[in-house]
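For reference, the structure is listed below as structure tokens.
The values are calculated or read from the model by the stated rules, or taken from the named source; none is laboratory data. If you're wondering where the values come from, they're calculated on a predicted model, not measured in any experiment. Using ideal geometry, Cβ is built from the backbone for each residue, glycine included, and neighbour counts are taken over all protein chains shown.
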Amino acid sequence: MKLRLYHHPDGARVAYRETGTGPGLAILHSAMLSHREFAPVVEDLALRYRVVLPDLPLHGDSEDRPRHPYTLDWLTEVLAGFIRDTCGPRPLVAGHELGAELLLRAVASGQLHPSRMVLMPSALHRSAPARRVWRVAARAGGLPILDRAASHGAKLVLRPKVGVSLTAQANPAARDLVRHAVADSGGNPNLARSWAKFARSWPQHGARREVLEELAAVRCPTLLLWADTDVRHPLEIAEEALDLLRDGQLRVLSKTGFLIAYDDPVGVARELAAFFG
């Protein structure tokens, strides 16, 4: 895959990889990981699409300087601009967890007009209690004395074995995914301060009722591609979201967990290709 850079008008950089030919398909990964989350499905999808895998800001090789606000509105604006620039005005888009939530915001606000969209497991309108602990820890990185310590703390918490636990199949390849995701975090106080900004702007862990309105505002055909054993994002979230979508459908992959593309890469690629056409 070729490494490229997108430069937003405010100077923010989004690093991305692309491969294949055909309609542009952008896939956004989840929080704390990188574009490598969807590496297992690239080979199959690249036969039909130009697959674009960005590192979200604060992740991988993308923007991490504390000069930017890192609010949800800013992240949505940057990613919408990136997708329009790399995939055209009517792209195919998919996202997982944080990536899915940002896509939904971009579409509902009219900043992005995809021809089709896939949302993979995420909290959407439900509460996410685990984020409360994350917010407290990340905000500590904004303190001058604690910023460097917080940067090392990320590597201690996100050890490679965590990746394996995020799969239903105990896929050992997920070790490298997590190892790569935090490779540059240790001793990087700028990154810690930027994450602290993001944590301060992120909504509290309670239910996000505004997402219900965002789901109802979506006009494009939307596929909810869900895992059946992801305890963080149970199937009930997708079933509730499906009732609000004007043109939605739900597909569930059996024996898959949080890292759905590592548990069933063939199934994920098959469902995406079938939906995107």
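Before moving on, here are some points about what is shown:
- Of note, residue 1 does not satisfy the criterion of being buried (at least 18 other Cβ atoms within 10 Å of the Cβ) and at pLDDT below 95.
- Reported count of residues in the stretch 237-269, each being free of Cβ contacts under 8 Å to residues at least 12 places away in the same chain and either assigned to a helix (DSSP H, G or I) or β-branched (Val, Ile, Thr) (or both), is 1.
- Residue list for the stretch 68-81, filter: β-branched (Val, Ile, Thr) and outside any loop (DSSP other than H, G, I, E, B): 76, 78
- Residue match in the stretch 181-196 (condition: within 24 Å of residue 162 (Cα to Cα), assigned to a loop (DSSP other than H, G, I, E, B) and polar (S, T, N, Q)): yes
- Subset of the stretch 201-227 (residues that are modelled with pLDDT under 95 and part of a strand (DSSP E or B)): none
- The stretch 33-62, subset small (Gly, Ala, Ser) and in a loop (DSSP other than H, G, I, E, B), residue surrounded by the most Cβ atoms within 10 Å (Cβ to Cβ): 34
- Of all residues in the stretch 4-32 being modelled with pLDDT under 95 and of a type in the set (A, V, I, L, M, F, W, C), the one that is surrounded by the most Cβ atoms within 10 Å (Cβ to Cβ): 32
- Taken over the stretch 8-28, the residue count meeting the criterion of being of a type outside the set (Val, Ile, Thr) and closer than 17 Å to residue 70 by Cβ is 8.
- The sole residue among 105, 90, 84, 65 that is farther than 18 Å from residue 245 by Cα, of a type in the set (Lys, Arg) and assigned to a helix (DSSP H, G or I) is 84.
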